[in-house]
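**Q** Sharing a structure below in structure tokens format, with a few things to ask.
What follows is calculated from the coordinates using simple rules that are stated; it is not laboratory data. These numbers come from a predicted model, not from an experiment. For neighbour counting, all protein chains shown are included, and Cβ atoms are generated from backbone atoms with ideal geometry for every residue, glycine included.
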Amino acid sequence: MKKIVLISGATAGIGEALAWKFAENNYNLILTGRRSERLEKIKIELSKKYDVEVLTLNFDIRKLKEVEDAVKSIPRNWQNIDVLINNAGLAAGVTPIQEGVYDDWERMIDTNIKGLLYLSRNIIPMMKARKKGHIINIGSIAGKQVYPNGNVYCGTKAAVQSITEGMRIDLVNYGIKVTQIAPGAVETEFSLIRFHGDEEAAKKVYNGYKPLTAKDIAEVIFYTTTLPEHVNINDLLVTPTAQANAYIYNKK
Ligand code: NDP
Ligand code: 8X3
């Protein structure tokens with residue numbers, strides 16, 4: 001029997017790289033995201049290359065009913081989820097708090113905090129019943145150190161860190177591992193989304209140094225799932241070598 005991983009936000013960036021990494025390692029995959037055409041394309045490409053099965057679930061993680069319906073639709077033979085990776089997330093805007101855009105705040109809070117909670121709340125009972133499972137939450141260096149104009153995004157990722165700790169406490173008696181991975185700068189669609197489609201501004205974020213790739217982070221995340229039953233990585237902060245903290249970079 002193949003193991004099963006559920007990856008939220010698998011249509012791009014870290015989530016997509018995770019799909020490839022887990023497929024390469026013989027996992028069947030449940031992939032989620034809003035862009036259904038991308039989900040289907042990735043499913044076809046993965047199934048061509050690897051002998052794995054892929055189930056796609058197309059929903060907006062901010063909407064509780066959509067999350068509930070999607071989880072209810074998971075067929076019985078897919079319900080033994082070994083690894084849940086709460087990856088879907090975003091930053092919207094880089095503005096001082098006094099100029100904050102309500103819609104940006106709501107998108108970040110609803111996706112990064114509430115979406116993560118909705119999906120986890122619906123999947124955890126399946127893991128609890130089996131007394132087995134591994135939940136991996138994608139936090140950020142931004143959850144550990146606040147930087148100028150990061151305010152609400154940093155707050156949502158600090159919440160991910162606290163929620164991860166809470167999950168670990170509440171689930172310890174059920175043998176469920178809970179891990180936070182906190183990346184620094186990873187070059188994905190992240191900055192393009194953050195700058196509302198401004199390609200110039202997005203590119204600048206990664207100029208002058210070598211950022212992490214989504215594949216780098218996928219490798220690290222996969223590693224945390226390969227450890228013996230009694231070993232759990234609680235928290236991992238991973239940055240490019242050229243990044244010392246949330247805002248100090250060695251840029252050439
Ligand atoms: P991308 O923008 O490349 O990918 C984000 C993914 O999240 C997409 O698959 C997107 O799918 C999904 N997503 C966003 N909103 C929703 C939603 N409402 N419902 C369902 N899915 C959604 O960014 P990254 O790969 O970089 O980001 C992945 C995670 O890593 C995020 O949590 C981010 O905060 C975190 N992170 C990123 C860092 C970076 O520097 N890139 C650093 C630290 C943490 P779709 O749009 O199809 O719904
Ligand atoms: C994404 C990394 O530094 O832009 O979480 O906040 S950062």
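**Q** Normalised by the number of residues in the stretch 4-238, what is the relative contact order in percent for Cα pairs under 8 Å and 6+ residues apart?
**A** That works out to 20 percent.
**Q** Still on this structure: So, in nm, how far is label residue 213 from label residue 226 when the simple model puts each one 7 Å beyond its Cα toward the Cβ?
**A** About 1.7 nm separates the two model spin labels.
**Q** Next question. Quick one: if you stick a label point 7 Å off each Cα along the C-beta vector at residue 110 and residue 147, how many nm between them?
**A** Result: 2.7 nm between the two label points.
**Q** Also: Could you point to the residue in 226, 67, 85 farthest towards the positive end of the chain's charge dipole, with +1 and -1 charges on the Cβ of Lys/Arg and Asp/Glu respectively?
**A** Projecting each Cα onto the dipole axis, the largest value belongs to 226.
**Q** Expressed as a whole number of Å, what is the distance separating the alpha-carbon centroids of the stretch 3-55 and the stretch 135-165?
**A** Spelled out, the Cα-based centre of one part sits 25 Å from the other.
**Q** Work out the charge dipole of the chain with +1 on the Cβ of Lys and Arg and -1 on the Cβ of Asp and Glu about the Cα centre, then indicate which of 98, 202, 47 is farthest towards its positive end.
**A** 47
**Q** Cα to Cα, under 17 Å, and not fewer than 8 places away if on the same chain: which lysines meet these conditions relative to residue 144?
**A** Within the straight-line limit of under 17 Å, residue 144 reaches these lysines: 157.
**Q** Counting Lys and Arg as +1 and Asp and Glu as -1, each charge on the Cβ, what is the dipole of the stretch 75-180 about the Cα centre in debye, to the nearest 20?
**A** 740
**Q** Among 120, 9, 188, whose Cα projects farthest towards the positive end of the dipole of the chain, with charges put on the beta-carbon of Lys, Arg (+1) and Asp, Glu (-1)?
**A** Toward the positive end, the furthest listed residue is 120.
**Q** While we're on this one: Given Cβ point charges of +1 (Lys, Arg) and -1 (Asp, Glu) and nothing else, what value in debye, to the nearest 20, does the dipole of the chain about its Cα centre take?
**A** 560
**Q** Can you give the direction-averaged projected area of the convex hull of the alpha-carbon atoms in the stretch 4-238, in nm²?
**A** 12.6
**Q** At a Förster radius of 41 Å, what calculated FRET efficiency corresponds to the Cβ-Cβ distance of residue 76 and residue 250, to the nearest 0.05?
**A** 0.20
**Q** Over the stretch 203-252, what is the relative contact order in percent, taking alpha-carbon pairs closer than 8 angstrom and at least six residues apart?
**A** Worked out over the stretch 203-252, it gives 52 percent.
**Q** Could you order the peptides 65-78, 151-164 from most to least packed, using the average number of other C-beta atoms within 10 Å per residue?
**A** 151-164, 65-78
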